[in-house]
1. Which of the residues spanning region 236-250 are surrounded by fewer than 16 Cβ atoms within 10 Å (Cβ to Cβ) and within 16 Å of Asp193 (Cβ to Cβ)?
2. On the basis of being crowded, with 19+ Cβ neighbours inside 10 Å, closer than 29 Å to Pro327 by Cα and modelled with pLDDT of 95 or more, does Asn147 make the cut?
3. I'd like to verify a number: residues in region 388-407 that are among the β-branched types (Val, Ile, Thr) and on the phi > 0 side of the Ramachandran plot, how many?
4. Give region 262-303 a look and list any residue that's farther than 24 Å from Ile209 by Cα and not small (Gly, Ala, Ser), or say none.
5. Give region 195-230 a look and list any residue that's surrounded by fewer than 19 Cβ atoms within 10 Å (Cβ to Cβ), under 16 Å from Ser160 (Cβ atoms) and of a type in the set (A, V, I, L, M, F, W, C), or say none.
6. Go through region 199-257 and give me each residue that's among the small types (Gly, Ala, Ser) and part of a helix (DSSP H, G or I).
7. Read through the list (1) polar (S, T, N, Q); (2) within 28 Å of Val83 (Cβ to Cβ); (3) over 22 Å from the mean Cα position of the chain (by Cα), then give the number of the only condition that Ser392 fails.
8. If we keep just the residues of region 118-143 that are of a type in the set (A, V, I, L, M) and closer than 14 Å to Ser95 by Cβ, which is surrounded by the fewest Cβ atoms within 10 Å (Cβ to Cβ)?
Amino acid sequence: MTTSLALPATLPGQPHFAYRDGELFAENVRLADLARLHGTPLFVYSKAAMLAALAAYQRGFAGRHAQICYAMKANSSLGVLQVFARAGCGFDIVSGGELARVLATGGAASRVIFSGVGKTRAEMHQALDAGIACFNVESEGELEVLNEVALAAGKRARVSIRVNPNVDARTHPYISTGLKGNKFGIAHERALDAYRRAAALPGLQVAGIDCHIGSQITEATPYLDALERVLDLVEAIEAAGIPIEHLDLGGGLGIDYNGETPPPADALWAQLLARLDARGFGQRQLLIEPGRSLIGNAGVCVTQVLYLKPGETRNFCIIDAAMNDLPRPAMYQAFHQIVPLLRHGAHEPAPALWDVVGPVCESGDWIGRDRALATHPGDLLAVLSAGAYCMSMASNYNARGRAAEVLVDGSDATLIRRRESAEDQMRTETLLP
């Protein structure tokens, strides 16, 4: 079959997904076969892509005292967590439910750091009982509550204060976390006083400092600016007699959704480590919290075209995946490439412009606007770069069951989540007498 010039053999940012003789594969598995076996919408992940993304960080930290903690809010599916746990990752969590998932996969609590602005007392108890590595504390009020909980449990909680350095990550405002107007962290100007208070509380043990400025960052400058502010603060904290064991420099590195060119993880960390070395901090223990950059381009969502609905001003391609499966476009106006699973080569019909939308009863239920597609009802499409913040944010809106998930490893494909049924959704509910 002649290869079409419209699409490259491998997909931008997703080299482990490629066309062979006009059909789209994940590693050595034909996506259309998975769709026939498991139905659509269907999330498919490449294990090789996950490990390749992780390897870039591992190369960057070779020879350093560093721990990579996967930020599991990006994708908390058990099969995904197992891959990263077996590869030596720790985990960055933001809830007790996420901690339970880590432990269910065999992940070590001693490699877990607990972030988030609203930890409950119950979650603090749960994490202390499990023996997590550290709490990333995000307010002065949280210091006081965590101290009370730890003393009541007869324990000392290791803490790292998340500092808000007021650095612009130059990303979407909903995923920017390091500015004064964001809810995260303690203001840079208040941090020294917060550390003094933490050091004085008997239920706490100061372990480190934390900084995370946002997500989908595509350049090095915001990281370097934030690092300088954090290191200035570490010098002031240690001058006050409070030692800092580790530096937690967060995550947030972006991926290629639509031609973005973020620095490779190893190249970024070469710059950051050079700055750490220059300022005498190169031998400190380092923690990082990558999420999207490990899983985002390792996943696609396979979906079927239900109807084509041409109109006077817009043409609608209605698919069986919706905003409850792929929330990012509705929430962030995010862009995902959409490609066919089957290419017709030199005989490709002329494309038309379509708004790709789902069945949910909301005008905001769109997946892509003005997409050039040559498609028909019944065709299969792949929504690319869907590994992060899709399944983890999926919902049952319109009483729709969450999609199935498959993990591909070479020629093997494992169902890691079966499709959710109506009975699954109603299992925790009770009818009135």
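1. Ala236, Glu238, Ala239, Ala240, Gly241 - these are the residues of region 236-250 that are surrounded by fewer than 16 Cβ atoms within 10 Å (Cβ to Cβ) and within 16 Å of Asp193 (Cβ to Cβ).
2. So Asn147 fails the test.
3. So the answer is 0.
4. Of everything in region 262-303, those that are farther than 24 Å from Ile209 by Cα and not small (Gly, Ala, Ser) turn out to be Pro262, Pro263, Pro264, Ile295, Asn297, Val300, Cys301, Val302, Thr303.
5. Ala199 - this is the single residue of region 195-230 that is surrounded by fewer than 19 Cβ atoms within 10 Å (Cβ to Cβ), under 16 Å from Ser160 (Cβ atoms) and of a type in the set (A, V, I, L, M, F, W, C).
6. Scanning region 199-257 gives Ala199, Ala200, Ala226, Ala236, Ala239.
7. That leaves (3) as the condition not met.
8. Within region 118-143, the match that is surrounded by the fewest Cβ atoms within 10 Å (Cβ to Cβ) is Ala122.
The values are calculated or read from the model by the stated rules, or taken from the named source; none is laboratory data. Please read these numbers as outputs of a predicted model, since none were measured by experiment. Heads up, the Cβs are rebuilt from the backbone with ideal geometry, glycines too, and the neighbour counts pull from every protein chain shown.
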